[in-house]
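Novice: For reference, the structure I am asking about is given below.
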Amino acid sequence: MKAPPPPVTPFRRERLARAPWIASHMLVRDGAAHERQRRLVTAAFTRRRVESLAPSMQAITDALLDEVLIAGKDGSTVDLLAQFAFPLPMTVICELMGVPAHLRDDIKAGMETTFRGMGMPDEEWAAKFEVLERSLTELVATKRREPGDDLISALIEVRDDGGDTLSEDELLSMTFILIAAGHETTVHLIANGVEALLTHRPQWDLLRAEPERVPAAVEELLCWCGPVQVAFPLIAAEPVDVGGAVIGTGELVIVALMPANRDSAQVAEPDVLDVTREPRPHLGFGHGIHHCLGVALARLEARIAFETLLRRCPELRLAVDPDELTWAPSFIFHGLDRLPVTVT
Ligand code: HEM
C-alpha cells in the first residue's frame, strides 16, 4: 500500500516570520504601496524583454526534448514532469533574471522547500530556507556589483519620475516572488496540459494537424486544468456583500479560481475540453490589481513548449493508466507528482 501524503498545513506564519523581507513583494501589498511596486517592476519587466527571450526559450526547449527523446528511445518510460515541464520554466526564469549557474541548484532546491516542504519538520525546513535566503542575497549583491542585461539588474536600476527605487528588502522579495511565480505555475500548466491532451487524444491529434491553434489551446488548458487553485488569501477590510452572502470585516477570503473557470453561467459546456473554442474568459491568471504580471512570459513559454512537443513528439502517450497518476498535496497548486510517458 502507498504511504499517505504528508499533512498539508495551509500557511505557516511562524516560518515566514524568520525572514521579514519575504513579505515585501507586491502580492502581499495593497493600495498605493502595491501600485508603486507594480509600476517600478513593470518598467523593468517589459514585453520587449520577454519577447527577446523567445530564441533562447526555443533552444532550451529543444535541448530538453533532445534528452527526452534519447531517454525514451526503444519505448522506455520518461517522466515528462521531471525531465521537461519542471526544468524548462526554471531555466527560462533563471535566464531572464540573470541567475548564474553556480546559484541555480540552491535556488531551485530552496523554492521546492518553500512550496512543497509544508509537512517537513521545522528545523529541516529552516536549514533549507537559509540556503535560499543566502543564495538570493548573494544574487542581488552580485548584480549590484556587476550589472548585466537581465531583469534583476534592471530592477536595481529602475526608478520612477520622482527618483524612487526599490529598497534592498524589496529587491530580495521581488527576486523571490518572480522566480517562484515564474516557475512553479508554468511547470504545472505544461504538465497538466499534456496530461489533459493525452487523455483526450482527439484534441492532441487536432493540434498536431493544426498547430496554429496552440495559443487558443493554452487558454483552454488554463481554464480546464490550470495550475493555480486559489488566489492569495485576503482579509476583508470592510463588509462585502457577495451575491447575498455578507463577508464581515476581518474575515479570511480565499477565492477558488478553478471552479470559477468552470462556471456554466459564463460558458457553454464548461467541463468539456475543447481546444477549438473561442477562448473563454477565465481567472487562471487572477483578477484585479494582482492580475498576473507574468502573463506574456507564461503564454510565450507554454506556446513554445506545446508547439515543440507536438512537432517533435507526435506519438507521445501516457505510460500508465490515467487513474494511476497522483496529484501533489498542495493548497495552492494543482499539479502532478510525475508524468510517465512514452515518446515512440
Ligand atoms: C501559467 C503560468 C502562470 C499562472 C497560471 C499564474 C497565475 C497567477 C495568478 C492567479 C495570480 C494572482 C494571484 C492573486 O490574485 O492572489 C498571479 C500573480 C502574479 N504572477 Fe503569475 N502566473 C503564471 C506565471 C507567472 C510568471 C511566468 C511570472 C513572472 C515571472 C508571474 C508573476 C506574477 C506576479 C509578480 C504576480 C503578482 C502580481 C501583483 O501582485 O500585482 N506569474 N499569477
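What follows draws every value from the coordinates through simple rules; no lab data is involved. All of these numbers come straight from a predicted model, not from anything done at the bench. All Cβ positions, even for glycine, are placed from backbone atoms using ideal geometry, and neighbour counts span all protein chains on display.
Novice: What would the Debye formula give as log10 I(q)/I(0) at q = 0.17 Å⁻¹ for the alpha-carbon point model of the stretch 276-344, no solvent?
Specialist: For the stretch 276-344, the Cα-only Debye profile gives -0.99.
Novice: As an exercise, find the ratio Rg/Rh for the stretch 84-129 from alpha-carbon atoms, using the Kirkwood inverse-distance average for Rh.
Specialist: Here the Rg-to-Rh quotient is 1.04.
Novice: Ordered by packing density, taken as the mean number of other Cβ atoms within 10 Å over each peptide's residues, highest first, how do 271-282, 212-223, 316-327 rank?
Specialist: 212-223, 271-282, 316-327
Novice: Using the Cα centre of the chain as the reference point, and only Cβ charges (+1 on K/R, -1 on D/E), how large is the resulting charge dipole? Debye, rounded to the nearest 20.
Specialist: Dipole of the chain, to the nearest 20 debye: 240 debye.
Novice: With every atom except the alpha carbons ignored, what do you get for Rg and Dmax of the chain, in angstroms?
Specialist: When restricted to the Cα atoms of the chain, Rg and Dmax are 20.5, 63 Å.
Novice: Is the shape of the stretch 73-171 best called rounded, prolate or oblate, per the rule: a/c under 1.5 gives rounded, else a/b larger than b/c gives prolate, else oblate, with a ≥ b ≥ c the square roots of the Cα gyration tensor eigenvalues? It would help to have the intermediate numbers written out before the result.
Specialist: Working: a/c = 2.68, a/b = 1.52, b/c = 1.77.
Taking the square roots of the gyration eigenvalues as a ≥ b ≥ c, the stretch 73-171 is oblate.
Novice: Cα gyration tensor of the stretch 180-329, axes a ≥ b ≥ c as square roots of the eigenvalues: rounded (a/c below 1.5), prolate (a/b > b/c) or oblate?
Specialist: prolate
Novice: Going toward the positive end of the dipole of the chain, with +1 on Lys and Arg Cβ and -1 on Asp and Glu Cβ, which of 287, 139, 319 do you reach last?
Specialist: So the residue furthest toward the plus end is 139.
Novice: While we're on this one: Calculate the dipole size of the stretch 187-344 relative to its Cα centre from +1 charges on Lys and Arg beta carbons and -1 charges on Asp and Glu beta carbons; express the result in debye to the nearest 20.
Specialist: Dipole size: approximately 480 debye.
Novice: Students often check this: by mean Cβ neighbours within 10 Å, which of 284-294, 140-150, 245-255, 180-190 ranks highest, and how do the rest follow?
Specialist: So the peptides 284-294, 140-150, 245-255, 180-190, ranked by packing, come out 180-190, 284-294, 140-150, 245-255.
Novice: Sticking with this one: Quote to one decimal, in nm, the extra length available between residue 30 and residue 165 on full extension: 0.36 nm per residue of separation minus the C-alpha distance between them. Don't skip to the end; give the middle numbers.
Specialist: Working: separation 135, 0.36 × 135 = 48.60 nm, distance 1.80 nm.
So the chain would gain 46.8 nm between residue 30 and residue 165.
Novice: For the chain, build the charge dipole from Cβ charges (+1 Lys, Arg; -1 Asp, Glu) around the Cα centre, then report which of 217, 335, 52 sits farthest towards its positive end.
Specialist: 52
Novice: Which value in nm describes the separation of the simple spin-label points at residue 327 and residue 263, placed 7 Å from the Cα toward the beta carbon?
Specialist: Simple spin-label model gives 2.0 nm for this pair.
Novice: Please get the size of the charge dipole for the stretch 206-259, origin at its Cα centre, with Cβ charges of +1 on Lys and Arg and -1 on Asp and Glu, quoted in debye to the nearest 20.
Specialist: In total the dipole reaches around 200 debye.
Novice: So if each residue of separation counts as 0.36 nm, and I subtract the Cα-Cα distance between residue 146 and residue 253, what length gain in nm does that give?
Specialist: Net length gain for the segment: 34.2 nm.
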